[in-house]
Every structure is written in structure tokens, then in C-alpha cells.
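Quick notes on the structure that follows.
Read-outs: derived from the displayed coordinates by stated rules, not from any lab. None of these values were measured; they are calculated from a predicted model. Cβ placement follows ideal geometry from the backbone for every residue including glycine, while neighbour counts extend to all protein chains displayed.
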Amino acid sequence: MHRDAAEEQVGQVPPWLDVPTLRAMEAERARILAWGRDALAARNAVRDVLLARRPALPLPMIEAAVAAVVPDAEGGSYAPPVPAEGERAATSAEVAETLSYALRFGLDGKPRRTGHEHLAPLAAAQLAEHLMRANFRITRRAPVSGLHGEGW
């Protein structure tokens, strides 16, 4: 009736695994990896989610589902994506400056008439700090050379 775990290809989702459970397992994997934990910790967390939703599964089916969600069985660590050519990681100050501008000016470039222009830099700095602590990686494209000097 069910295929053996050896027949399942690594990374291929087993047909018996329902979508809500798969999504919950993927969300848990992303959360653990975003915290900087290794793939072994992600595998254990994903296994816990599966067992919480489907406690009566046999071991081969559990391993097949976990391998589909976290295919790195060696326990290697997660590496964040590398910025593309012509991009670099934005600093906290650059993110705060951009957020402050967005809070002070509308999409058309005209100032917002909120009366809170002096609070925009403070709110932007706090937002930028929270983004950096939450492990958000924001990239910035290189300026077009010739328009604003030599670039970075």
C-alpha cells in the first residue's frame, strides 16, 4: 500500500503527506534555519511537527517526509543567500534612512502632511533595528555610474 522510505527520492514529497502538514513542516524548517541553527536541528524540529500532526506514522514514512522537507542529511549549516553581482548588503543606517524617507514622503515625492516629520527618523531607526535583529537581509543595488558619482 505505502512505498518504503528507500523508494522515496530525497527531496520528493511523499504522496500521502497532506498540504497543511507539509506547509507547517516547511515553516518550522525556515524558522529554525533563520535562527542560524544547523540542518540537524531543522530535521529534529520538522520531525516533531510531523509527529504532532500524525503520531501513528511508521518510522520509514516519517523519515521520507522529513527528508523531503530537509534534504541535507549531513547536518550542514544554513548559509544565507549571497547578494547578486552589483548588489551588497544594506547597512542598518541605510535601511533607517530609507524608512525615514518613506515615512516622511509619499510615493509622489511630496511631503506627507502628518505633523510627525520629526518622529520619522526615530521610528525608522527602531524599525531598522528590529529588522536586523530578526535576521532580515536587505540588499542594495549599486548606483548607476555617471548619475551619482562613481558608485560606492
| Modelled label-to-label distance, ARG54 and MET132, 7 Å Cα→beta-carbon offset: nm? | 4.3 nm
| query | By how many nm would the segment from GLU26 to ALA89 grow when fully extended, if each residue of separation counts as 0.36 nm and the alpha-carbon distance is taken off? | reply | 20.1 nm
| request: Lys and Arg at +1, Asp and Glu at -1: add these up for the other residues within a Cβ distance under 14 Å of GLU87 and post the number. | output: +2
| note | Amide H contacts under 5 Å for THR139, restricted to residues at least 5 apart in sequence or on another chain and with H modeled in the peptide plane, are ALA90
| Listed highest first by mean packing, meaning other Cβ atoms within 10 Å per residue, what order do 37-47, 52-62 come in? | 37-47, 52-62
| query | At a Förster radius of 41 Å, what calculated FRET efficiency corresponds to the Cβ-Cβ distance of ASP108 and VAL19, to the nearest 0.05? | reply | 0.45
| query | For region 87-141, what is the largest minus smallest coordinate of the Cα atoms on each principal axis, given in angstrom and ordered from greatest to least? | reply | 32, 22, 13
